[in-house]
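Student: What follows is a structure written as structure tokens; I'll ask about it next.
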Amino acid sequence: MLSRVANSIYWMSRYLERADNVARFIDVNARLILDVGWERETAQWEPLVRASGDEADFAARYSEYSEKKVVHFLTFDEENPNSIISCIHAARENARTVREIISSEMWEAINALYHLVDKHSRKRKVDDLQSFYISVDHTNHLFAGMMENTMSHGEGWHFARAGKMLERADKTARMLDVKYFLLLPTPDYFDSPYDTVEWGAVLKSVSGFEVYCKRYHRANYRHVTQFLVLDEYFARSIRYCVRTAARSVADISKMLEITVPVTDEFARLEKMLDEADNEVILNKGLHEFVDAFQFNLNVIDQSLYQSFFALEKK
Amino acid sequence: MNFEGYDTQGFYDELIGEDGQPRKEALPLIERINALPCKDLRRRQKAAEHALHQQGITFSVYGDKKGTEKIMPFDILPRIVTAKEWDVLEKGLKQRIRALNLFIDDIYNGQQILKDKVIPRDLVLSSECYLEQCRGLSPPKKIWIHVTGTDLVRAGDGEFYVLEDNLRCPSGISYVLQNRTIQKRTLPIVFQAMRTRPVSDYGDHLYETLRHAAPKGVENPTVIVLTPGIYNSAYYEHSFLAQQMGVPLAQGSDLTIIDDQVMLRTTRGFEKVDVIYRRIDDNFLDPEVFNKGSMLGVPGIMECFRKGTVALANAPGTGIADDKAIYAYVPQIIKYYLDEEPIIKNVPTYICEDQKDRDYTLANLDKLVVKAVNLSGGYGMLIGPVSTEAERKEFAKKIQENPRDYIAQPTLALSRTPTIVGDRIEGRHVDFRPYILYGKSIFVLPGGLTRVALTKGSLVVNSSQGGGSKDTWVLGDSPITMEVDLDA
């Protein structure tokens, strides 16, 4: 497979996953506001921007963290490379360059999303956009199904899956971190009703609430971190995502009969997660853990690029 | 919506005869349309447009700020070419391609035709499309023009004429195939009843043609499609063809040259390439040889081509036979190389380089179509009868300054064919581009792109200038009229 094509499939998949996560994130936050009963005007929209990591960009171009402004920034702001619209455009642009590789069904699903985002792009309020956020989420599921059933599970499929999983690991980590920005926890706040509701929202924003409840029954921050960071079977836990991405990359190397440095980077990260202890993570600080994890993810992304996408003449 | 009140207004009509009655071969189609419930045709038209939109079958319009991609408007009323007409066209196109290929090979080698003074030497050597870098070259099996999309028009006399040869990187074939896919869903019964010949195997034919073009000694060639990238107006087609053939679609940056061999950058490492179906113009193909600023091409690729380690389809330099001034000599070219009379006629052409022709052109600008010799796509053109005084002045000046760059032709009364316009069926002007492949033998795809000028009265069919397209039905050799199932 062409190096450029592999790179495009990887990014197509990452961008779609990113758009999906941002959409779910906003949608859940809007519902959280209702649950907590904040006043619309003073509701917390800032954490959404902070968790996206783009607060500097936001601050430079927007005056206040109001619903309208934050929703616009995260959804339709084409200058924000991580807004939903930018992610969908980037996903489609990448899909367009690999249109002959992915199945027609996959292409049409992305194309439909592209037309959908244009159709909604004049709306400003979360309430008006709910159906849009849900559609983004559904399209991503549809796309995943098509990828599963219509594309050969060869090299390209594995690059797409690796991209999706790394993006997802990153986003789950950020969702966990949003609590850090949402409030500075004081001991008496832990396990209060608000705390439970907020953790519930974090779980919902990664579609993990139901799975979590079956195991732990009540939202409690210890269990939530245990679940989202270390759970072996939940499809959006950090550990699951890293493991799945690592397997895909291992499969690619096997198919190509080459050894690549990124395999070692993955092994290191997997080992770190295998040995991680929830209590230790919490004592040292979840935010610090998330920071360190994201640093490691960037190392892997760089290493993937060197291993597969940037071929130099010797 | 039906054919009631349809008026050919004195133009040659593809479906309706001079007497206002349907042509014999088109009868089943027209009866079918007339039998459809009133709103049904409109609904089918909408469904077809929706499908194109969903599939993202688009092209980019240069210089259009509103959006980079558009769908080519598709009209669901097909254009019909009868078996008898097709037989002549097929023979004529084969003849023409054979002669033009011999001409190109001669020009870059012995130049016998120039020595025999059949065409003025200066006219050929002064062409911008003449590539000195190709002198002494002979591509594998002496085939230069592997893929051609010849533009034909039917004039008021009912005859087909060749308008342009398009021997460089002709585009549009993807629309032929996609239009057909949609058309089969739109009017399936009558499609079958009229025994329309298939076009869907084009990908196979193209792949075989490209394999045949491989350098000598290469048993199992690696074929790729080379595209300028997603911002090119025909990008969709490039990816579509790569998909149809199941071969990689590469951009210039995906290729590099190692030891005089073109290599593909893959996740596995470098892989050798044998045949490149390149959809990049000559000028941008190799920045070391042609346009120095080209970011699209592959530095050093011409050297590999010269050394015969890679085949290019079409070969560089074919534009020489595509120059609109040289076009005027194609009848002589056919006669010279094949000793045959041209089967399909040329449109009479005035070469502005020639004093007498130039004077005539300048005196009749309001009647003629003036074209720049090296441009296509409807750019750089003056259509006399609909031009303004200022436009004519501008062209007169251009012609006097650079006579070699212009030719003129009479304004043809292009044939029309019934087209859906809002809630009515009206006649619109069309042209016709069949596709020809030169491999083991010369193959003409029984079908082609019918482009239609959707604007009332307009003669410009180019998609970049508001044209649309239609499916073209080349009918089987024994057309049968069947009872049409009206409920389907």
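The values are calculated or read from the model by the stated rules, or taken from the named source; none is laboratory data. Bear in mind the structure is a predicted one, so any value in this text is a computation, not a measurement. Cβ sites come from the backbone with ideal geometry, for glycine too, and all protein chains shown count toward neighbours. Remember, those area values only see protein heavy atoms, side chains included, never the ligands or the DNA or RNA. Shrake-Rupley method; radii C 1.70, N 1.55, O 1.52, S 1.80 Å.
Student: Looking only at the stretch B:29-39, count every residue that is over 15 Å from B:Arg79 (Cβ atoms) and either of a type outside the set (A, V, I, L, M) or under 28 Å from the mean Cα position of the chain (by Cα) (or both) and tell me the total.
Tutor: 6
Student: Sticking with this one: What is the number of the single condition among (1) more than 18 Å from B:Gly467 (Cα to Cα); (2) open to solvent by 60 Å² or more (accessible area, probe 1.4 Å) that B:Leu368 does not meet?
Tutor: Going through the list (1) more than 18 Å from B:Gly467 (Cα to Cα); (2) open to solvent by 60 Å² or more (accessible area, probe 1.4 Å), B:Leu368 breaks only (2).
Let's see how each residue does on (1) outside any loop (DSSP other than H, G, I, E, B); (2) within 14 Å of chain A (Cβ to nearest Cβ):
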residue	(1), (2)
B:Ile224	yes, yes
B:Ser233	no, yes
B:Met263	yes, yes
B:Asn283	yes, no
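Student: So, one more: So B:Ala47 ticks every box in (1) among the small types (Gly, Ala, Ser); (2) part of a helix (DSSP H, G or I); (3) touching an Asp or Glu at 6+ places or on another chain (Cβ under 9 Å) but one. Which box is left unticked?
Tutor: The failed condition is (3).
Student: Pairs, please: C-beta under 7 Å, at least 6 apart or cross-chain, first residue in contact (Cβ under 8 Å) with a residue 12 or more places away in the chain and in the stretch B:1-25, second of a type in the set (Phe, Trp, Tyr)?
Tutor: B:Ile16/B:Tyr6
Student: Separate question: Being more than 11 Å from chain B (Cβ to nearest Cβ) and either out of contact with any Ser or Thr (no Cβ under 9 Å at 6 or more places or on another chain) or not in a helix (DSSP H, G or I) (or both), is that true of even one residue in the stretch A:90-101?
Tutor: The answer is yes; a qualifying residue exists.
Student: For the stretch B:164-202, name all the residues that are closer than 30 Å to B:Val370 by Cβ and not aliphatic (A, V, I, L, M).
Tutor: B:Glu164, B:Asp165, B:Asn166, B:Arg168, B:Cys169, B:Pro170, B:Ser171, B:Gly172, B:Tyr175
Student: Next question. Wholly within the stretch B:413-464, which strands (runs of 3 or more DSSP E) include no fewer than the required count, namely at least 1 residues that are under 21 Å from the mean Cα position of the chain (by Cα) and among the aliphatic types (A, V, I, L, M)?
Tutor: Of the strands (runs of 3 or more DSSP E) lying wholly inside the stretch B:413-464, those with at least 1 residues that are under 21 Å from the mean Cα position of the chain (by Cα) and among the aliphatic types (A, V, I, L, M) span B:424-433, B:435-438, B:442-444, B:449-453.
Student: While we're looking at this one, here's another question. Please note which helices (runs of 4 or more DSSP H) are completely contained in the stretch A:1-84 and include at least 3 residues that are in contact (Cβ under 8 Å) with a residue 40 or more places away in the chain.
Tutor: In the stretch A:1-84, the matching helices (runs of 4 or more DSSP H) lie at A:3-36, A:46-52, A:67-75.
Student: Pick out the one residue from A:Gln226, A:Gln302 that is under 30 Å from A:Trp45 (Cα atoms) and modelled with pLDDT of 90 or more.
Tutor: A:Gln226
Student: Something else now. Being open to solvent by 10 Å² or more (accessible area, probe 1.4 Å) and either within 14 Å of chain B (Cβ to nearest Cβ) or in contact with a helix residue (DSSP H, G or I) (Cβ under 6 Å, 6 or more places away or on another chain) (or both) is the requirement here; does A:Phe209 meet it?
Tutor: Criteria met by A:Phe209.
Student: May I ask you to list the residues in the stretch B:23-45 that are open to solvent by less than 80 Å² (accessible area, probe 1.4 Å) and more than 17 Å from B:Arg424 (Cα to Cα)?
Tutor: Result: B:Arg23, B:Glu25, B:Ala26, B:Leu27, B:Pro28.
Student: I would also like to ask the following. Pick from B:Arg121, B:Arg135, B:Arg96, B:Arg168: which is without any contact (Cβ under 8 Å) to a residue 40 or more places away in the chain and in contact with a helix residue (DSSP H, G or I) (Cβ under 7 Å, 6 or more places away or on another chain)?
Tutor: The unique qualifying residue is B:Arg121.
Student: Given the conditions (1) open to solvent by 30 Å² or more (accessible area, probe 1.4 Å); (2) touching a residue at least 40 places away in the same chain (Cβ under 8 Å); (3) more than 14 Å from chain B (Cβ to nearest Cβ), and given that A:Asp274 satisfies all but one, which numbered condition is not satisfied?
Tutor: Among (1) open to solvent by 30 Å² or more (accessible area, probe 1.4 Å); (2) touching a residue at least 40 places away in the same chain (Cβ under 8 Å); (3) more than 14 Å from chain B (Cβ to nearest Cβ), the lone unmet condition for A:Asp274 is (2).
Student: Exactly one condition in (1) more than 12 Å from chain B (Cβ to nearest Cβ); (2) open to solvent by 10 Å² or more (accessible area, probe 1.4 Å); (3) over 12 Å from A:Tyr15 (Cβ atoms) is false for A:Pro81; which is it?
Tutor: Of everything listed in (1) more than 12 Å from chain B (Cβ to nearest Cβ); (2) open to solvent by 10 Å² or more (accessible area, probe 1.4 Å); (3) over 12 Å from A:Tyr15 (Cβ atoms), A:Pro81 misses just condition (3).
Student: Could I ask something else about it? Please determine, by comparing only the residues of the stretch B:265-281 that are in contact with a strand residue (DSSP E or B) (Cβ under 9 Å, 6 or more places away or on another chain) and either closer than 25 Å to B:Ser171 by Cα or part of a helix (DSSP H, G or I) (or both), which one is nearest to the other protein chains (Cβ to nearest Cβ).
Tutor: B:Val273
Student: Here is a follow-up. I'd like the full set of residues that are at the interface with chain B (Cβ under 8 Å from one of its Cβ atoms) and at pLDDT 90 or above, limited to the stretch A:102-111.
Tutor: Matches in the stretch A:102-111: A:Trp107, A:Glu108, A:Asn111.
Student: What residue, of A:Val280, A:Val242, A:Val262, is away from chain B (no Cβ under 14 Å), of a type in the set (A, V, I, L, M) and under 23 Å from the mean Cα position of the chain (by Cα)?
Tutor: Just one listed residue meets the conditions, A:Val242.
Student: If you scan the stretch B:235-251, which residues turn out to be within 17 Å of A:Arg92 (Cβ to Cβ) and part of a strand (DSSP E or B)?
Tutor: Within the stretch B:235-251, just B:Leu249 meets the criteria.
Student: Among helices (runs of 4 or more DSSP H) lying entirely in the stretch B:80-172, which contain 3 or more residues that are open to solvent by less than 50 Å² (accessible area, probe 1.4 Å) and of a type in the set (D, E, K, R)?
Tutor: Once the helices (runs of 4 or more DSSP H) in the stretch B:80-172 are filtered for at least 3 residues that are open to solvent by less than 50 Å² (accessible area, probe 1.4 Å) and of a type in the set (D, E, K, R), what remains is B:83-107.
Student: Considering only the stretch B:235-246, state which residues are surrounded by fewer than 21 Cβ atoms within 10 Å (Cβ to Cβ) and more than 7 Å from every other protein chain (Cβ to nearest Cβ).
Tutor: B:Gln244, B:Gly246
Student: Just one of B:Thr209, B:Thr222 is over 30 Å from B:Ile16 (Cα atoms), out of contact with any helix residue (DSSP H, G or I) (no Cβ under 9 Å at 6 or more places or on another chain) and open to solvent by 40 Å² or more (accessible area, probe 1.4 Å); which is it?
Tutor: None of the other options fit; the residue is B:Thr222.
Student: A:Leu269 versus (1) away from every other protein chain (no Cβ under 14 Å); (2) in contact with a Phe, Trp or Tyr (Cβ under 9 Å, 6 or more places away or on another chain); (3) closer than 27 Å to A:Ser8 by Cβ; (4) in a loop (DSSP other than H, G, I, E, B): which is the lone unmet condition?
Tutor: Here A:Leu269 clears every test but (4).
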